[in-house]
Amino acid sequence: MRVAELGDAGIRARLAGPGLALDFGFVRARVRSDVRGLEAALGRVYAEFPVEEADGFFDVTAGLVRARGLRRFVRPQVDFFVDGELPFEPFPADTHLPLLEWGLNWCIAQRAHTHLLLHAGVVERRGVAVVLPALPGSGKSTLVAALCARGYRLLSDEFGVVRLDDAMLLPLLKPVALKDASIDVIRKFAPGSALGPVFPKTRKGDVAHLAPPAASTARRHEPAAPALVLFPQFGAGEPLALEPMAKSRAFAKVSANSFNYGPLGRRAFDALGRLVAGCDVYRLTYGDLDAAIGAIDGLVGGRAQRQ
Amino acid sequence: MRWHLVSPADTACLRLDDEALVFNPARWETHLLNAAAALVLDALVAGPGSVEEIVAAVAREVEVPDGFAGQVAELLGQLEALGLVAARA
């Protein structure tokens, strides 16, 4: 049974009771909430996730709770909670899903130190995994969403999870968070995309989440071998440019942008070194998604033939 | 004066293209070394040496410019400040 099949009432009952179990692949979370409207949003962006029992071990047990006192009624607010703590300031109640997603990501970044966590999107096709580091203004999430619309398997939009022993990439499958103009870009690029509701004027602007595709969800426990590291850089009207990049510089950029490279020390150095040494590395400047995907298709095809 | 790695057994060095990344186990820091620094480090991975011996080791790999010994001495000072190498009289 899929989460979408629970319906709003079924999801609401789980959120208010034992919790809604979400298996992201590398991490399992149990979500609880008494916030109205969250059930419908979760039903859309986690539609293809299987319904699981909420007992047993979970890496994260967290959720949202309506603020107490006056804030329950006047400009209502919601709090993110984890392990009985409220680590953030409350958010407006009508931004429930963005707060939950950011909170869950924060928990993962704080806790998942058995693996190296890169700040990167990861997609895969024909056995070739592509790491897209998230540097500011890169347009990484938009490109990840567009690649998924063209048949790439989504492993993650936010976390590139690297297994320390062999540098394989593990899926951490959560919805792709699109912001501001990217929302309409993806709507036009892939009209059938499973976009959740738009949350206007959050702290990060307008936000909407793209549901992971069913095929990616079904393969969320399947690692992928890293083969390409692409540093995307979007620029309106920019012609396509694909330039090889020094692997040493790629290592430096990716490690500096990692969530936990520092604390993992030598093990992270070895794992990232293995990953980068085995990948082709490019800087991709683009102004048109179709052109960018065409270039990436070419690189993936070339690597697939060499493997 | 002879130069040596501070932690020769645990210092990890990864050559990528003509540059190198080095992990300093004492400080848990990673440094990106340019091609010249990478060759100097290679020489010290092989064993302790004087500036003249390091210059000779590098010269076996690449052509070195006049005055290279001075550059090596300056570089060793920088690597010492990073805690990667030390000198013994």
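We did not get these values from a lab; they are worked out from the coordinates using the rules stated. Note that the structure is a prediction, hence the values are computed from the model and not measured. Ideal geometry is used to build each Cβ from the backbone, glycine not excepted, and the neighbour counts take in all protein chains shown.
Descriptive notes on the structure:
- Reachable lysines from A:Lys201, criterion Cα separation under 29 angstrom, eight or more residues apart if same chain: A:Lys140, A:Lys174, A:Lys179, A:Lys188
- Principal-axis tilt of helix A:289-306 within chain A, Cα atoms, nearest 10 degrees: 60
- In order through region A:258-272: 3J(HN,Hα) via Karplus (6.51 cos²θ - 1.76 cosθ + 1.60), integer Hz, x for Gly, Pro: 7, 6, 8, 4, x, x, 7, x, 4, 5, 5, 4, 5, 5, 5
- Look at the alpha carbon pairs under 8 Å that are at least 6 residues apart: their mean separation over the length of chain A gives a relative contact order of 17 percent.
- Other residues with beta-carbon under 15 Å from the beta-carbon of A:Gly151 carry, at +1 per Lys or Arg and -1 per Asp or Glu, a net charge of +2.
- The protein assembly as shown - share of DSSP beta bridges that are antiparallel (%, nearest 5): 80
- Neighbour net charge for B:Arg15 - beta-carbon separation under 15 angstrom, K R +1, D E -1: -3
- Mean Cα-pair separation over length for region A:110-171, i.e. relative contact order, pairs under 8 Å, 6 or more apart, %: 41
- DSSP bridge analysis restricted to region A:3-111 gives an antiparallel fraction near 70%, rounded to the nearest 5.
- Between 0 and 90 degrees, the angle of helix A:3-16 with respect to the longest Cα principal axis of chain A falls at about 50 degrees.
- Karplus-based coupling profile of region A:147-159, in residue order and whole Hz: 4, 5, 5, 9, x, 6, 7, 8, 9, 6, 9, 10, 10, with θ = phi - 60° in 6.51 cos²θ - 1.76 cosθ + 1.60 and x standing for Gly or Pro.
- Only helices enter this figure: runs of n ≥ 4 DSSP H residues, each worth -39500 (n - 2.57), summed and divided by the residues of chain A, yield -11000 deg cm²/dmol at 222 nm to the nearest 500.
- Estimated FRET transfer efficiency (B:Arg60, A:Phe73; beta-carbon r; R0 56 Å; 0.05): 0.10
- Couplings 3J(HN,Hα) for region B:57-67, derived from phi with the Karplus relation 6.51 cos²θ - 1.76 cosθ + 1.60 (θ = phi - 60°), are 5, 5, 5, 6, 9, 9, 6, 9, x, 4, x Hz, where x marks Gly and Pro.
- Here the simple spin-label model places points 7 Å from the Cα toward Cβ, and for B:Ala73 and B:Ser50 these points are separated by 1.3 nm.
- Amide hydrogen neighbours beyond the local backbone of A:Phe24, cut-off 5 Å, H modeled: A:Ala29
- Gyration tensor (alpha-carbon) shape descriptor, region A:45-163, a/c threshold 1.5: prolate
- With N the number of residues in the protein assembly as shown, Rg(Cα) / (2.2 N^0.38 Å) evaluates to 1.15.
- Taking amide H as placed 1.01 Å from N in the peptide plane, the amide H of A:Phe159 sits under 5 Å from that of A:Ala120, each at least 5 places away or on another chain.
- C-alpha long axis of helix A:96-111 to longest principal axis of chain A, angle in °: 60
- Between amide H atoms placed 1.01 Å from N, distances below 5 Å from A:Val207 occur with A:Asp180, A:Phe199, A:Lys201, A:Thr202, all of them 5 or more places distant or on a separate chain.
- Mean projection area, nm², convex hull over Cα of region A:3-111: 6.5
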